[in-house]
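The values are calculated or read from the model by the stated rules, or taken from the named source; none is laboratory data. Everything quoted here is computed from the prediction, not taken from an experiment. FYI the Cβ positions are ideal-geometry reconstructions off the backbone, even for glycines, and counts take in every protein chain you see. To get the accessible areas, we keep the full protein, side chains included, count just its heavy atoms, and leave off ligands, DNA and RNA. Shrake-Rupley method; radii C 1.70, N 1.55, O 1.52, S 1.80 Å.
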Amino acid sequence: SAVISQKPSRDICQRGTSLTIQCQVDSQVTMMFWYRQQPGQSLTLIATANQGSEATYESGFVIDKFPISRPNLTFSTLTVSNMSPEDSSIYLCSVGTRSMNTEAFFGQGTRLTVV
Amino acid sequence: LAKTTQPISMDSYEGQEVNITCSHNNIATNDYITWYQQFPSQGPRFIIQGYKTKVTNEVASLFIPADRKSSTLSLPRVSLSDTAVYYCLVGDRGSGDKLTFGTGTRLAVRP
């Protein structure tokens, strides 16, 4: 199994500012994933973060808005830039590797409110 | 990735068996069926995974008919703590663990 710690757990931010969310895993993993979950909705994949390469973004998400860092095999950050109230969501970090038999593990999420 | 369809919500009472069915008509040969559970203010948690027939673990059973176009998650004797959203996912285990979540089923267990 994998234990994932996300920081912060929640934050209230002013529009126009940026927030960086940290994701720490207790073991080395090849791929890390960032999801967004809007209020009452399902999860939507933002991007896949691989160590040593640029993140791969899903349709509708761009690097300028959601820059991602992946400096090593246990850590990643997601920045929500130039925030607006529409960015109010829960942001979740996830990991999964074939050695874990494809079971994916998720952090507790970061609840972001933009005012 | 195969699209999935589930009921939006279900209600049950404590002690009852709950069956949540998921339709995945265009499932591919290499696709597996996986269910996740999500409690409020938490990330999803893996429940069970299967390819065909029946799979059972300490939490649930997963029934998959021969044509694999649907699957049923069975929760025996639910309790209040089983109130959560349940997601059915279908995908290739070699797809790099990229998960596509559908709408999920919001299960409410009442006393």
Name the one entry in A:Q6, A:Q37, A:Q14, A:Q24 that is closer than 26 Å to B:L89 by Cα, open to solvent by 50 Å² or more (accessible area, probe 1.4 Å) and not aliphatic (A, V, I, L, M). A:Q24
Find the strands (runs of 3 or more DSSP E) located wholly in the range B:38-111 whose residues include 2 or more that are more than 11 Å from chain A (Cβ to nearest Cβ) and open to solvent by less than 50 Å² (accessible area, probe 1.4 Å), and list them. B:61-64, B:70-75, B:84-92, B:105-110
Looking at the range A:60-69, is at least one residue among the aromatic types (F, W, Y) and either more than 11 Å from the chain's Cα centre (by Cα) or over 30 Å from B:Q49 (Cβ atoms) (or both)? yes
By residue number, the members of the range B:10-37 that are of a type in the set (A, V, I, L, M) and in a strand (DSSP E or B) are B:M10, B:V18, B:I20, B:I33
Which condition breaks for B:F39 when tested against (1) without any contact (Cβ under 8 Å) to a residue 40 or more places away in the chain; (2) under 30 Å from A:T48 (Cβ atoms)? (1)
